[in-house]
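Engineer: Okay, handing you the structure first.
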Amino acid sequence: MIRFLAAAAILLCRTLGASADNRCKVTDPTGTPLNVREAPNGKVAGTVKNGALVTILKTEEQNGKPWAFVADYETKKEIGWVFREFVSCF
C-alpha cells in the first residue's frame, strides 16, 4: 500500500509539474536571455528574457539533461524548448 501511495504521489507531482496551469519564471543564473530551441538540444531558434513568466507544457530528457517546452504565461503562445533547470515554478 505504501509503495502504491508513493508511486501515485510521484505521478501526481509529475503531472502537476507539466500542467498548463503552472506559473514559472525563467531563472538563468548567468542573467542572460535563455536560448529557445526547436527541439530538446536542437537548433537555437531565439531567446527568452531572464525573469519572463512561462508555463511548462511538457518535459523531456535528452542525453540525461532535462528540457521543457514552454509557452508565455499570459498569452499561452508557445515559445519552444528550454533547458529545464533554468525555469523555476511556483
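We did not get these values from a lab; they are worked out from the coordinates using the rules stated. This is a predicted model, so every value here is computed, not measured. FYI the Cβ positions are ideal-geometry reconstructions off the backbone, even for glycines, and counts take in every protein chain you see.
Engineer: Return the lysines within reach of K43: Cα separation strictly under 17 angstrom, same-chain partners fewer than 8 residues apart disregarded; answer none if there are no such residues.
Structural biologist: Result set, ordered by chain and number: K65.
Engineer: Which FRET efficiency, nearest 0.05, do K25 and N63 yield, Cβ-Cβ r, R0 35 Å?
Structural biologist: 0.85
Engineer: Only loop residues by DSSP count here, and only those with at most 13 other Cβ atoms within 10 Å; note down the GluC sites (Glu not before Pro) in the range 27-90 that meet that.
Structural biologist: Hits after loop and neighbour filter: E38, E74.
Engineer: Subtracting the Cα-Cα distance from 0.36 nm times the residue separation, let me have the gained length for L53 to E74 in nm, one decimal.
Structural biologist: The span from L53 to E74 would gain 6.8 nm if fully extended.
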